[in-house]
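What follows draws every value from the coordinates through simple rules; no lab data is involved. Bear in mind the structure is a predicted one, so any value in this text is a computation, not a measurement.
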Amino acid sequence: MSSTNMTIVISIHGIYGTKYTHYPLISQLNKLKYTAMTFDYSSLETLAVIADQLSAFITENNPHNENVVLVGHSAGGRIALKAKHPCIKGLLQSHAQLMVVTLLHGYAGFPLVQ
């Protein structure tokens, strides 16, 4: 039996976050033997383009086609919902600093429009 969990967890930050925003979460998941990583994106791109980039990121970082769970904070949750990849098996959206399932909120003037 492998000492690593066979599920890959990918964290997606909110619009003003960076790939370092969820470092404490990723660090703890890695200590628990999960393969956990962050996906970084530019808020200057459209939601569809970023979702495509996320799908390519999954393919690149998942050579054995393991199950993938996306953890999206705020705008990262919108990106996660838009992503299409056969390995995606779960989604956890968060708002604020707590990892809880939430409904999406509308964002006036939000640059990541569909």
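Considering just Cα atoms, how many Å³ per residue does the convex hull of segment 20-94 enclose? Write out the running numbers ahead of the final one.
Values: hull volume 6.6 nm³, N = 75.
It is 88 Å³ per residue.
Remark on I88: its backbone amide H falls under 5 Å from those of V68, a criterion applied only to residues 5 or more positions apart or on other chains, H modelled at 1.01 Å from N.
3J(HN,Hα) along segment 20-31, derived from phi through the Karplus expression 6.51 cos²θ - 1.76 cosθ + 1.60 where θ = phi - 60°, amounts to 8, 4, 9, 4, x, 5, 4, 4, 5, 5, 5, 5 Hz, with x in place of Gly and Pro.
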